[in-house]
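K.L.:
Have a look at this one before I ask anything.
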Amino acid sequence: MHALMQDRQLLISTLIDHAALNHGEVEIVSRTCEGPTLRTNYQTLRQRSVKMAKALLRLGVRHGDRVGSLAWNTHRHMELYFAVPGMGAVLNTVNPRLYQEQIEYVINHAEAKVLFFDLTFADLIRALRPALTFTGTLVVMTDRAHKPAGLDDCLCYEDLIEAETDEFEWPLFEETQASSLCYTSGTTGNPKGVLYSHRSTLLHSFNTCSMDGLQLSCRDCVLLIVPLFHVNAWGLPYASAMCGAKVVLPGPWLDGPSLLPLLQQERCTFSIGVPTVWLGLLQFIEEHPQLLTGELALERVVIGGSAAPRALIERLHRLLGATSIQAWGMSETSPMGTIGNLLPKHLALSLDEQIDVRAKAGRPVYGVEVQVVDDLGRTLPRDGKSAGHLKVRGPWVASGYYKGDGGQVMDAGGWLQTGDVASIDEDGYLQITDRSKDVIKSGGEWISSIDLENAAIGHPAVQEAAVIGLPHSRWQERPLLVVVVKPGVDVQACDLLAFLSTQVAKWWLPDDVVFVDQLPHTATGKLQKARLREQFKDFVFTSERPQAAPQRSDVNATTNHG
Ligand code: AMP
């Protein structure tokens, strides 16, 4: 029997219509590539999105066509978030931090009809053009006064807007139609396209606004640090429109000196970013404590994209007075998979004990199912210890990649292999141990590089730490700890190993410690383990060298399994 409920489709256009009507005056504050900070609101954002949708129609964009963007977090990019899917096309946000060949690959693969780019990427566009198969329209996201010389065949964003009126009815179509195309970071092989739908995006947004999700509401002011060019900025533009939250967009500037004034002046209550960005901001604040005048309004900080070290959660609480919510997810999961809120039984715990819970990657939110299996596919117990391959399924989880890349990705049960190694505890909290390819296989046992990194970062001298597994004649692989030390601090390898020995099992202790000036990061700010392994491929552990002589930078720690 069919129900008698209205068959209204979950379309992205309904989000911006709702925000304009019910939260029309709520501000969108944007730093711009031209320099000044611009203040607009949901009502104007809708008007301009509608005009852009009409301009795209005029340029020949039709339902299902791809429209590319190579842009930072600005009001114009946020307008495209509504204009493009709203008129039935698919927004392909290209990550400008990828290698140039990968950017070329993504643009060619997505076959966009129109490609928008920020002023800052004018040179990149010039460099890319010879290799692009793109024959559509290029639009530089600025006004005529700021249009760079030598881009005569490119249109201007503001000209397109000015030429249109805001009378327009968004088209109606099925909610299962594609809305956005975001590519994975492609640490191995070419990036693969994840194709979100209007339905998956709206379901994901409901979740973000729920109390046990990210608790986003119209009382929030969001400092949107996660880039609009990666995983739809974790769906925050859409969730913010759903609940009418104020949004602050930092433009191209994601460093401490740029972010702190935005937090202070806009009274941001909520922010979201990868650990590297938070580490940068906290370091800046620690170096300039005099700038932290008055109380911040910041209540919640969402950390995801990489494991959040316990020490980072503590520092965010101590310095910014903010509660950290760790989330786990990936491009393929839109990305919210698990979210680290507390259970009733945790409320009576001390702050320290609560931080222990918050240092885990969170529990599944309704809609996402997770499972951990062994090499033979058998489900492992939820005991917080048994680590295995993490699988996931749900209505905002990918069923395949764009153009069939990567072949069949779901198993018979509809599960997607995440490539992560994880355990799940009795309360359902996920603990990410590693990416499958990063876990260190030592003497038949697994050592978590993430746990070691999180422990190392707890040492007051350590700015950043990475652990990789390198070949070892006896144990197959052993951990190497690579450390960036805070400026002006002196620390020896033996100090770090002594510190780590109080945190992890003896046989987990890295065999050597190497100090470096900086660590390689991926386009989305994650440690780039593949490059690090390449960098240290000829490294021989001190214990493996013919005549081992102790040096400052590498100290042999005796390892003994069990
Ligand atoms: P991406 O698709 O680029 O967003 O990367 C997704 C990957 O980031 C996941 O598969 C995890 O390996 C990693 N990741 C995301 N969130 C977390 C987290 N909270 N803890 C550990 N790893 C994470």
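The values are calculated or read from the model by the stated rules, or taken from the named source; none is laboratory data. Quantities reported herein were computed from a predicted structural model and do not represent experimental measurements. Counting neighbours? That spans all protein chains shown, and the Cβs are built from the backbone with ideal geometry, glycine included. The protein model used for the area step is the full one, side chains on, heavy atoms only, and it has no ligands, DNA or RNA in it. Shrake-Rupley method; radii C 1.70, N 1.55, O 1.52, S 1.80 Å.
K.L.:
Report yes if A110 is among the hydrophobic types (A, V, I, L, M, F, W, C), at pLDDT 95 or above and within 22 Å of I161 (Cα to Cα), otherwise no.
P.N.:
So A110 does not fit the description; no.
K.L.:
Is it fair to say L496 is farther than 25 Å from V421 by Cα, at pLDDT 90 or above and aliphatic (A, V, I, L, M)?
P.N.:
It is true that L496 is farther than 25 Å from V421 by Cα, at pLDDT 90 or above and aliphatic (A, V, I, L, M).
K.L.:
Among the residues of the stretch 316-325, count how many are touching a helix residue (DSSP H, G or I) at 6+ places or on another chain (Cβ under 6 Å) and buried (at least 21 other Cβ atoms within 10 Å of the Cβ).
P.N.:
2
K.L.:
Now for a different question. So which helices (runs of 4 or more DSSP H) stay within the stretch 1-100 end to end and still have 2 or more residues that are in contact with an Asp or Glu (Cβ under 9 Å, 6 or more places away or on another chain) and within 23 Å of K113 (Cα to Cα)?
P.N.:
Result: 42-58, 75-86.
K.L.:
Looking at G321, G273, G280, which is the one that is within 16 Å of the ligand (Cβ to nearest atom) and of a type in the set (G, A, S)?
P.N.:
Going through G321, G273, G280 in turn, the sole match is G273.
K.L.:
Is at least one residue of the stretch 351-369 away from the ligand (no atom under 14 Å from the Cβ) and within 28 Å of F229 (Cβ to Cβ)?
P.N.:
Yes.
K.L.:
While we're on this one: Please name all residue pairs, on different chains or six or more residues apart, with Cβ atoms under 6 Å, provided the first residue is in the stretch 522-534 and is near the ligand (Cβ under 8 Å from one of its atoms) and the second residue is open to solvent by 20 Å² or more (accessible area, probe 1.4 Å).
P.N.:
As it stands, the answer is T522/S185; T522/Q528; T524/S185; T524/H230; K526/S306, since those pairs meet every condition given.
K.L.:
When the stretch 344-386 is examined, which residues are found to be β-branched (V, I, T) and either within 23 Å of A455 (Cβ to Cβ) or open to solvent by 50 Å² or more (accessible area, probe 1.4 Å) (or both)?
P.N.:
I355, V357, V372, T379
K.L.:
Residue by residue through the stretch 292-308, note down the ones that are modelled with pLDDT under 95 and open to solvent by 10 Å² or more (accessible area, probe 1.4 Å).
P.N.:
Across the stretch 292-308, the qualifying residues are L292, T293, G294, E295, L296, G305, S306, A307.
K.L.:
Which condition number does L312 fail, the rest of (1) among the aliphatic types (A, V, I, L, M); (2) more than 21 Å from G394 (Cβ to Cβ); (3) within 16 Å of the ligand (Cβ to nearest atom); (4) open to solvent by 10 Å² or more (accessible area, probe 1.4 Å) being met?
P.N.:
Here L312 clears every test but (4).
K.L.:
Still on this structure, I have one more. Out of everything in the stretch 441-454 that is open to solvent by less than 30 Å² (accessible area, probe 1.4 Å) and in contact with a Phe, Trp or Tyr (Cβ under 7 Å, 6 or more places away or on another chain), what residue ends up being farthest from R474 (Cα to Cα)?
P.N.:
L452
K.L.:
Could you list, in sequence order, the residues of the stretch 411-463 that are more than 10 Å from the ligand (Cβ to nearest atom), of a type in the set (S, T, N, Q) and either farther than 25 Å from E534 by Cα or part of a strand (DSSP E or B) (or both)?
P.N.:
Of everything in the stretch 411-463, those that are more than 10 Å from the ligand (Cβ to nearest atom), of a type in the set (S, T, N, Q) and either farther than 25 Å from E534 by Cα or part of a strand (DSSP E or B) (or both) turn out to be Q417, S423, S442, Q463.
K.L.:
Go through (1) among the hydrophobic types (A, V, I, L, M, F, W, C); (2) closer than 26 Å to V226 by Cα; (3) open to solvent by 10 Å² or more (accessible area, probe 1.4 Å); (4) at pLDDT 95 or above one by one and return the number of the condition L98 breaks.
P.N.:
Only one criterion in (1) among the hydrophobic types (A, V, I, L, M, F, W, C); (2) closer than 26 Å to V226 by Cα; (3) open to solvent by 10 Å² or more (accessible area, probe 1.4 Å); (4) at pLDDT 95 or above is unmet by L98, namely (4).
K.L.:
Considering (1) more than 22 Å from T14 (Cα to Cα); (2) surrounded by fewer than 24 Cβ atoms within 10 Å (Cβ to Cβ); (3) over 16 Å from the mean Cα position of the chain (by Cα), say which one L254 fails and leave the rest.
P.N.:
All conditions pass for L254, except number (3).
K.L.:
With respect to I432, determine if the residue is more than 29 Å from D517 (Cα to Cα) and either modelled with pLDDT of 95 or more or open to solvent by 10 Å² or more (accessible area, probe 1.4 Å) (or both).
P.N.:
Spelling it out, it is not the case that I432 is more than 29 Å from D517 (Cα to Cα) and either modelled with pLDDT of 95 or more or open to solvent by 10 Å² or more (accessible area, probe 1.4 Å) (or both).
K.L.:
Is one or more of the residues making up the stretch 469-480 basic (K, R), open to solvent by 20 Å² or more (accessible area, probe 1.4 Å), within 16 Å of the ligand (Cβ to nearest atom) and at pLDDT below 95?
P.N.:
For the stretch 469-480, residues basic (K, R), open to solvent by 20 Å² or more (accessible area, probe 1.4 Å), within 16 Å of the ligand (Cβ to nearest atom) and at pLDDT below 95: absent.
K.L.:
From (1) more than 16 Å from the ligand (Cβ to nearest atom); (2) touching a Leu at 6+ places or on another chain (Cβ under 8 Å); (3) of a type outside the set (V, I, T); (4) closer than 24 Å to E175 by Cβ, pick out the condition that doesn't hold for S210.
P.N.:
If we test S210 against (1) more than 16 Å from the ligand (Cβ to nearest atom); (2) touching a Leu at 6+ places or on another chain (Cβ under 8 Å); (3) of a type outside the set (V, I, T); (4) closer than 24 Å to E175 by Cβ, just (2) comes out false.
K.L.:
A further question follows. Please enumerate the residues belonging to the stretch 218-239 that are of a type outside the set (A, V, I, L, M), touching a helix residue (DSSP H, G or I) at 6+ places or on another chain (Cβ under 8 Å) and more than 16 Å from the ligand (Cβ to nearest atom).
P.N.:
Across the stretch 218-239, the qualifying residues are C218, D220, P237, Y238.
K.L.:
If I447 satisfies every condition in (1) farther than 20 Å from A422 by Cα; (2) touching a helix residue (DSSP H, G or I) at 6+ places or on another chain (Cβ under 6 Å) but one, which is the exception?
P.N.:
The failed condition is (1).
K.L.:
Residue pairs, Cβ under 6 Å, 6 or more apart or interchain, first in the stretch 296-310 and under 10 Å from G321 (Cα atoms), second within 12 Å of the ligand (Cβ to nearest atom) and not polar (S, T, N, Q). List them.
P.N.:
Final answer for the pair search is R300/I325.
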